[in-house]
Amino acid sequence: MMGYVLPPPAPVSLPVYGSTDRFPVRRIFCVGRNYADHGIEMGGDPTKEPPFFFTKPADAVVESGSTIPYPPATKDFHYEGELVVALGRGGSNINEADAVTHVWGYAAGNDLTRRDLQDEAKATRRPWDMAKGFDLSAVVGLIHQGQSLPDAMLTLTVDGVVRQETKLSLMIWDVPGIIAYLSRLVTLAPGDLIFTGTPAGVGALQRGQTCIVTVEGLTPATVTIV
Ligand code: MN
């Protein structure tokens, strides 16, 4: 019988609202510059440059309520409050019209970023992986099952002070649009998560601070930095 030469890694999973069963995480896709105000704050022109994708490894996920260390190799560690889509069905070339049927649920999330490494990567035209896909960089709240999400407010606070606030309807690509677009680039699979982008107001986190992302109707995603 075939074995493994090393113990295989435990599956990555996240807790689900109202259930003891967990959501198995396959991959993490992220949308860049999906709110016009954030595109402008990052020096872009949202009328000329459409949003785009990058990824994080699945085991970068952090459960809400966690305390994590300030990451290595940065002096400018940023929060980005985002809606996270959890896919229940995969596929390629998905039509926007039925893209929502691929959604299993939604969560609040925080796309933690080493902004100085991202700035350096942009300046040297190198990849973003070490700026975005580092350990413990994807905070995700409880996943709430359901395919429809009414237009809701997303709010991010640091130690109780509001730093980001937007209506989800201000996304340049909405959830069906993101799923349809991404499914033309890769074959999506059940368990994939999509971070849908952050609005204006990104900024630095310091040791000792607690950052909470709230999306109306969902459980907040909370992380504390030590
Ligand atoms: Mn982001």
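The values are calculated or read from the model by the stated rules, or taken from the named source; none is laboratory data. For clarity, every value in this text was computed on a predicted model and none was experimentally measured. Neighbour counts are summed over all protein chains in view; Cβ atoms, including those assigned to glycine, are modelled from backbone coordinates with ideal geometry. To get the accessible areas, we keep the full protein, side chains included, count just its heavy atoms, and leave off ligands, DNA and RNA. Shrake-Rupley method; radii C 1.70, N 1.55, O 1.52, S 1.80 Å.
Kindly sort M153, M1 by accessible area of their heavy atoms, largest first, with the probe set to 1.4 Å. Please list the in-between numbers first.
On the way: M153 60, M1 235 Å².
Ranked list, largest accessible area first: M1, M153.
For E120 and R26 in the same chain, what is the full-extension length gain: residue separation times 0.36 nm, less their Cα-Cα distance, in nm? Before the final figure, lay out each step's value.
On the way: separation 94, 0.36 × 94 = 33.84 nm, distance 2.90 nm.
Result for the pair: 30.9 nm of gain on full extension.
Above 15 Å lies some portion of the pair distances; for region 118-187, what is it as a whole percent of all C-alpha pairs? Spell out each step's value before the answer.
On the way: 1828 of 2415 pairs.
Within region 118-187, distances greater than 15 Å cover 76 percent of Cα pairs.
Between F52 and residues 5 or more places away or on another chain, which pairs have amide H atoms under 5 Å apart, with H built 1.01 Å from N, and which residues are they?
G32
Please list S148, S64, S183 from largest to smallest accessible area, probe radius 1.4 Å, with all protein chains kept in place.
Working: S148 100, S64 45, S183 0 Å².
Correct descending sequence by accessible area is S148, S64, S183.
Run the reach check for K122 against aspartates and glutamates, Cα to Cα strictly under 19 Å, same-chain hits fewer than 8 apart removed. What comes back?
Partners found: E41, D45, E49, D76, E80, D111.
What is the spread of the Cα atoms of the chain along each of their three principal axes, largest first, in whole Å?
Projected onto its principal axes, the Cα set of the chain covers 49, 42, 38 Å.
Which residue fluctuates most in the GNM of the chain (Cα springs below 10 Å): T55, T124, T210?
In this elastic network of the chain, the residue with the biggest mean-square fluctuation among T55, T124, T210 is T124.
Relative contact order (percent) for region 13-225, with alpha-carbon contacts under 8 angstrom and 6 or more residues of separation?
After rounding, I find 34 percent.
If I compute solvent accessible area with a 1.4 Å probe over the protein chains, what percent of it on the chain is carbon and sulfur?
On the way: 5990 of 10830 Å².
Answer for the chain: carbon and sulfur cover 55 percent of the accessible area.
Can you give the FRET efficiency for D129 and V100, using 1/(1 + (r/R0)^6), R0 = 30 Å, r = Cβ-Cβ distance, to the nearest 0.05? Write down the numbers at each step before the final one.
Working: r = 30 Å, r/R0 = 1.00.
For R0 = 30 Å, the calculated efficiency reads 0.50.
Return the tail of the calculated pair distribution for region 13-89, meaning the percent of Cα-Cα pairs more than 21 Å apart. Display every interim value, and only then the final one.
Numbers: 1330 of 2926 pairs.
Percent of Cα pairs beyond 21 Å in region 13-89: 45.
Kindly sort R114, R163 by accessible area of their heavy atoms, largest first, with the probe set to 1.4 Å. Could the numbers behind the result be given before it?
Values: R114 20, R163 95 Å².
These residues rank, largest area first, as R163, R114.
So with the 1.4 Å probe, I'd like the accessible area per residue for the chain, rounded to whole Å².
Per-residue value: 48 Å².
Springs between alpha-carbon atoms under 10 Å, Gaussian network over the chain: tell me which of K122, K56, K132 tops the mean-square fluctuations.
K122
When the chain is modelled as a GNM with alpha-carbon springs shorter than 10 Å, which of L142, L185, L112 fluctuates the most?
With Cα springs under 10 Å in the chain, the top fluctuation among L142, L185, L112 is at L185.
Under a 5 Å amide H to amide H cut-off, with H placed in plane at 1.01 Å, what residues pair with Y70 once short-range neighbours are removed?
V226
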